[in-house]
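Asker: After the structure tokens below, expect a handful of questions from me.
The values are calculated or read from the model by the stated rules, or taken from the named source; none is laboratory data. All values derive from a computational prediction rather than experimental measurement. In this analysis, Cβ positions are derived from the backbone assuming ideal geometry, glycine residues included, and neighbour counts consider all displayed protein chains.
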Amino acid sequence: MLELAVELGPRSYNISIENNLLSACGRLARGLNSNEKALLVSNPKVFNLYGNAVADALDAAGFEITVALMPDGEEYKNLEIASEVLDAAVGARLERGSLLFALGGGVVGDLAGFVAAIYQRGIDFIQIPTTLLAQVDSSVGGKVAVNHPQGKNLIGAFHQPRAVIIDPLTLNTLEDRDYLSGLGEVVKYGIIYDSQFFEFLEDYADNIAQRDNETIAQLIYHSCRIKSEIVAQDEREAGLRAILNLGHTFGHAVETLTGYGTHRHGEAVVMGTRAAAHLAADLGYITEGERQRISRLYKRLKLDFTFPELDPSQVYQSMLGDKKVSGQKLRLVLPRGIGRYVIIDDPGQDRLMYAAIIAQQE
Ligand SMILES: NC(=O)c1ccc[n+]([C@@H]2O[C@H](COP(=O)([O-])OP(=O)(O)OC[C@H]3O[C@@H](n4cnc5c(N)ncnc54)[C@H](O)[C@@H]3O)[C@@H](O)[C@H]2O)c1
Ligand SMILES: [Zn+2]
């Protein structure tokens with residue numbers, strides 16, 4: 001088994017990664033919690049695939065489980081559905097010492113974690129992520145939230161899980177598009193934080209594109225290692241953790257201007273990172289050769305998403321967004337060479353528009 005510790009003092013926890021680990025989730029949870037009752041939150045699609053394996057394992061470990069299923073989709077990551085899951089927790093008479101399990105992708109993990117953060121002022125929860133994005137990113141770090149009509153993740157908390165249990169084999173049923181969306185976030189770690197990991201992605205690009213299980217387990221391990229290191233240094237995103245937003249400022253503009261749902265989040269992050277790389281090259285933080293190296297890796301990983309044809313001045317306005325209203329400055333994370341980052345203040349409309357335009361022509 002591959003194991004990692006997220007070092008956060010009294011809130012520290014382990015990430016365990018192994019094929020078929022779902023069958024061990026009861027035993028792992030029992031090591032952390034002796035309460036009888038537990039709530040298992042999932043959605044119908046994931047529950048049909050993996051619910052029985054998890055429920056059987058929890059049952060065998062002596063947990064009395066109540067299942068709460070939320071509908072599948074980002075549009076259900078909201079307060080109404082959170083409220084229904086809270087009703088299920090109340091109905092099951094969950095106690096302060098009871099456990100909540102989140103079985104699913106980032107949507108289930110974010111909503112279930114949010115419920116765990118507020119039920120009886122916070123109960124323990126365990127993440128059992130089943131999408132690549134959730135296994136490499138959203139299940140680690142304790143950011144939990146639901147959306148508000150006025151914005152994504154507007155209502156949330158920092159609430160660390162007690163454990164993250166990752167079974168890479170669950171990815172075998174994931175659609176290609178969801179797999180690729182998760183990969184978009186994986187490449188980000190190599191670009192801004194770890195040149196050796198970037199080289200690993202280059203060396204094993206074909207295996208990764210072909211979804212080879214062994215390689216994917218390694219890829220998850222290193223992604224979690226990097227995310228844990230960053231979170232351990234900056235749990236509440238006072239500084240360093242913001243580097244995980246590489247490509248996200250341009251990416252959010254793409255998501256907003258094309259309408260949410262047109263591009264998967266990870267696809268928009270790839271598009272945004274391409275634009276960020278052009279900007280970094282323009283400002284001299286990376287060479288043109290390094291920029292092309294990033295582009296080549298995306299291509300080999302089948303992440304060949306180019307920046308969509310959008311009016312560059314609208315892209316700029318969207319990036320400024322509500323920052324302009326609240327008087328905050330636009331800040332951007334850019335690559336500095338391969339494996340390091342730089343954070344810059346708004347480089348001005350011309351440079352940002354230029355980056356968007358040449359990214360469109362790639
Ligand atoms: N908390 C954080 O730090 C953080 C970080 C990044 C993203 N997020 C959030 O994550 C969410 C996106 O997560 P996502 O990309 O996992 O989307 P998702 O949870 O919607 O999952 C994508 C699809 O895959 C299905 N699915 C899940 N596991 C499956 C499996 N093993 N086999 C087949 N299908 C499966 C889901 O039912 C869904 O239809 C967003 O809401 C985003 O805000 C949170
Ligand atoms: Zn992201």
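Matching residues to (1) touching a Gly at 6+ places or on another chain (Cβ under 8 Å); (2) more than 11 Å from ligand 1 (Cβ to nearest atom); (3) outside the structural domain of Glu18 (by TED's automatic domain parsing); (4) modelled with pLDDT of 95 or more:
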residue	(1), (2), (3), (4)
Gln150	no, yes, no, no
Val164	no, yes, no, yes
Tyr193	yes, yes, yes, yes
Asp206	no, yes, yes, yes
Ile226	no, yes, yes, yes
Ala238	no, yes, yes, no
Ile243	no, yes, yes, yes
Gly247	yes, yes, yes, yes
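Asker: Ok, one more. Applying the selection to the stretch 311-335, what residues are crowded, with 17+ Cβ neighbours inside 10 Å and part of a loop (DSSP other than H, G, I, E, B)?
Answerer: Scanning the stretch 311-335 gives a single hit, Leu330.
Asker: Could you give me the residue pairs with C-beta distances under 6 Å whose first residue belongs to the stretch 67-84 and is on the phi < 0 side of the Ramachandran plot, whose second residue is part of a loop (DSSP other than H, G, I, E, B) and aromatic (Phe, Trp, Tyr) wherever it lies, and which are 6+ apart or on separate chains?
Answerer: none
Asker: For residues in the stretch 24-55 being part of a helix (DSSP H, G or I) and free of Cβ contacts under 8 Å to residues at least 12 places away in the same chain, which is nearest to ligand 1 (Cβ to nearest atom)?
Answerer: Within the stretch 24-55, the match that is nearest to ligand 1 (Cβ to nearest atom) is Asn48.
Asker: Which is more than 16 Å from ligand 2 (Cβ to nearest atom) and either under 18 Å from the mean Cα position of the chain (by Cα) or not charged (D, E, K, R) (or both), of Tyr179, Tyr119, Tyr189?
Answerer: None of the other options fit; the residue is Tyr119.
Asker: Identify, please: which residue in the stretch 56-76 is touching a helix residue (DSSP H, G or I) at 6+ places or on another chain (Cβ under 6 Å), part of a helix (DSSP H, G or I) and modelled with pLDDT of 95 or more and is, among those, farthest from ligand 1 (Cβ to nearest atom)?
Answerer: Once the filter is applied, the top-ranked residue is Ala60.
Asker: Of all residues in the stretch 102-130, count the ones that are more than 9 Å from ligand 1 (Cβ to nearest atom), in a strand (DSSP E or B) and not polar (S, T, N, Q).
Answerer: Adding up the residues that qualify gives 5.
Asker: Scanning the stretch 4-23 for residues that are in contact (Cβ under 8 Å) with a residue 40 or more places away in the chain and assigned to a helix (DSSP H, G or I), which turns out surrounded by the fewest Cβ atoms within 10 Å (Cβ to Cβ)? Break it down into steps so the answer makes sense when it comes.
Answerer: Here is the first cut: in the stretch 4-23, the ones in contact (Cβ under 8 Å) with a residue 40 or more places away in the chain are 4-8, 11, 13-22.
Of the ones still in play, those that are also assigned to a helix (DSSP H, G or I) are 11, 21-22.
On the way: Arg11: 14, Leu21: 20, Leu22: 23.
Once the filter is applied, the top-ranked residue is Arg11.
Asker: Quick one: which residue in Lys329, Lys299, Lys323 is charged (D, E, K, R), touching a strand residue (DSSP E or B) at 6+ places or on another chain (Cβ under 7 Å) and over 15 Å from Glu185 (Cβ atoms)?
Answerer: On the way: Lys299 fails: touching a strand residue (DSSP E or B) at 6+ places or on another chain (Cβ under 7 Å); Lys323 fails: touching a strand residue (DSSP E or B) at 6+ places or on another chain (Cβ under 7 Å).
Going through Lys329, Lys299, Lys323 in turn, the sole match is Lys329.
Asker: Anything in the stretch 236-250 that is hydrophobic (A, V, I, L, M, F, W, C) and closer than 25 Å to Phe307 by Cα? List them, or say none.
Answerer: Selection gives Ala242, Ile243, Leu244, Leu246, Phe250.
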